[in-house]
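The values are calculated or read from the model by the stated rules, or taken from the named source; none is laboratory data. Everything quoted here is computed from the prediction, not taken from an experiment. FYI the Cβ positions are ideal-geometry reconstructions off the backbone, even for glycines, and counts take in every protein chain you see. Protein only, heavy atoms only, side chains kept; ligands, DNA and RNA dropped before computing areas. Shrake-Rupley method; radii C 1.70, N 1.55, O 1.52, S 1.80 Å.
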Amino acid sequence: MGSFILLLATSCTQKPAPVNPPVPVNVFTVKPQPVFYYDKYPANTVALSQVDLRPEVQGYITDISFTEGSHVVKGQELYRIDQRLYQEAYDQAKANVDVALGNLKQAQQDADRYVYLNTYDAVAKQTLDHATIALENAKKTVVGAEQTLKMTATNLTYSVISAPFDGTIGFSQVKLGNMVSIGQTILNTISTDDPMAVDFLISEKQLSHFEELKNNKQQTVDSLFTMSLPNDSIYPFLGKISIIDRAVDPQSGTIRVRVVFPNPTYSLRPGISCVLRVHNQESSPKLLVPSKAVVELMGEYFVYTTKDTMIRNTEDTTKTHSVLMAMQKKVQLGQTIAPNVIVKKGIKAGDQIIVDGVQSLHTGSLIEVSKIKK
C-alpha cells in the first residue's frame, strides 16, 4: 500500500514531456526569373549512309589498298580480286567479237554480190536466200559476242572494289589470299562521315513543337541544337533538324527525330552516346529553387515551405503565440540548371523554401530561420 501511494505521488508530480526545440533552417524566397537553359535528350550519332562491301565476283584477294579506319573518297580502289581468269575471259570475248565482225563483213559482201547478180537473173534464188539468212545470222552473232564482251568486261570491273561514296572505312574482314564468294563475304563496312546525324526520341506530346522547329516557325536563336559529348565537352558545330520519323511507337509513345551536324574534322563516329541539347525558347519567367531543397519519396518530389502558425502556450493555455512550422508540398520539376531546378507546379512566387536540414523535417516540425536567401 505504501508503495502504491509513493508511485501515485510520483506520477502526479511528473511534468509534461518537453517540446522539441525548433530546427534551425535556412530558407529561400521564390521569385520568378528569366532562365536560359537547354532541354536535354539522350542521343546517338548515326551515319547518314552505311553499306557493307560485298564482292560481285568470286576469287582470291590479291590487293588491299587502304588504311583501316581512314577516310576514303568515292571511286577510290579498296580491294582487288584475282583478275587473271576475268582478264582471260574478256580477251577471249573480245577476240570472238572480232571474228564475228569479220564473218559479218564476209556475209554482207556475199549478200550484196548475190543481190546484184539477182538483178540480172544470174544467180539461183535459193543461193540469194541462203546469203540473206547467213547475213542475218552473222549480225545476231555479232550482237551475242558483244553482249558476252560486256559481261566479261563487267566481271573484270567487279574484280576491283571501290568506295561507293566519301566516308570512313572500318576494319577489313578479309586478308590477302582469302577466298571470297559472290554476295556472301563481307569485305568491310563504309559509312558517310560528313555530315553526321544524331538521333533521339521525343514524346508524342512534343511532336507539334518539333514540327514547328523543323519548319523554322520557332527558330529564333542560332544555337537551337547543340550536342554534349561523352567527355562533357560541347561539340563546336551547330545542328539542324532534318527528319521526324513517320510514326509514333504505340508501345512507348515516342517518335524518333534526327538532327544533322557538320563533321569536317571527322571527329564524330557512328554510335557515340551523346546528349542532344535543344535551346528552350520559352520567354516567360520560371520559378527556380536550389536542388538540395528537393526531397524524393517513392518517385515523387517534395519541398518544405514555412508556415506562420498560432499555438497555445503550454503554461497558460489562454494565451497563444506565433511559431514557424515546416509544411511539405508536392512539386512537379522541370529542367535542372546548375545547382538549381525549375519547379513547374506546387509552389508560387513569394513562398519561402527550406534549403537546409530538410532530411530532419516533417510536416508540422517547428523551425527557426537562421538565414533568408533571395
Does any residue of region 44-52 turn out to be over 24 Å from S273 (Cβ atoms) and either in a loop (DSSP other than H, G, I, E, B) or modelled with pLDDT under 90 (or both)? no
If you go through region 50-65, how many residues are within 36 Å of the chain's Cα centre (by Cα) and either farther than 29 Å from D194 by Cβ or in contact (Cβ under 8 Å) with a residue 60 or more places away in the chain (or both)? 11
Region 175-195, subset closer than 20 Å to G59 by Cα and touching a Phe, Trp or Tyr at 6+ places or on another chain (Cβ under 8 Å), residue most open to solvent (accessible area, probe 1.4 Å): M179
Would you confirm, using the coordinates I've provided, whether I241 is crowded, with 18+ Cβ neighbours inside 10 Å, in contact with a helix residue (DSSP H, G or I) (Cβ under 9 Å, 6 or more places away or on another chain) and of a type in the set (V, I, T)? yes
Please indicate, with yes or no, whether at least one residue in region 68-86 is assigned to a helix (DSSP H, G or I), touching a helix residue (DSSP H, G or I) at 6+ places or on another chain (Cβ under 6 Å) and not basic (K, R). yes
Among (1) modelled with pLDDT of 80 or more; (2) over 38 Å from the mean Cα position of the chain (by Cα); (3) in a strand (DSSP E or B) - the single one E296 does not satisfy: (2)
Is it the case, given these coordinates, that Y79 is surrounded by 20 or more Cβ atoms within 10 Å (Cβ to Cβ) and in contact with a strand residue (DSSP E or B) (Cβ under 6 Å, 6 or more places away or on another chain)? yes
Yes or no: V99 open to solvent by 50 Å² or more (accessible area, probe 1.4 Å), free of Cβ contacts under 8 Å to residues at least 40 places away in the same chain and assigned to a helix (DSSP H, G or I)? no
Taking Y90 as the residue in question, decide whether it is in contact (Cβ under 8 Å) with a residue 60 or more places away in the chain, in a helix (DSSP H, G or I) and either open to solvent by 80 Å² or more (accessible area, probe 1.4 Å) or closer than 22 Å to A153 by Cβ (or both). yes
Residue check for M196: of a type in the set (A, V, I, L, M, F, W, C) and out of contact with any Lys or Arg (no Cβ under 9 Å at 6 or more places or on another chain): no
Give me the pairs: first residue in region 291-305 and in contact (Cβ under 8 Å) with a residue 24 or more places away in the chain, second residue small (G, A, S), beta-carbon distance under 8 Å, and six or more apart or on different chains, which are they? V303/A293; V303/G346; Y304/A293; Y304/A326; T305/A326
Being open to solvent by 50 Å² or more (accessible area, probe 1.4 Å), touching a residue at least 40 places away in the same chain (Cβ under 8 Å) and farther than 19 Å from A111 by Cβ is the filter here; which residues of region 137-154 pass it? E146, T148, M151
Those residues that are open to solvent by less than 30 Å² (accessible area, probe 1.4 Å) and within 16 Å of the chain's Cα centre (by Cα), I need them from region 222-238; list them, please. F225, T226, M227, S228, Y235
Is one or more of the residues making up region 155-166 surrounded by fewer than 18 Cβ atoms within 10 Å (Cβ to Cβ), of a type in the set (D, E, K, R) and in contact (Cβ under 8 Å) with a residue 60 or more places away in the chain? yes
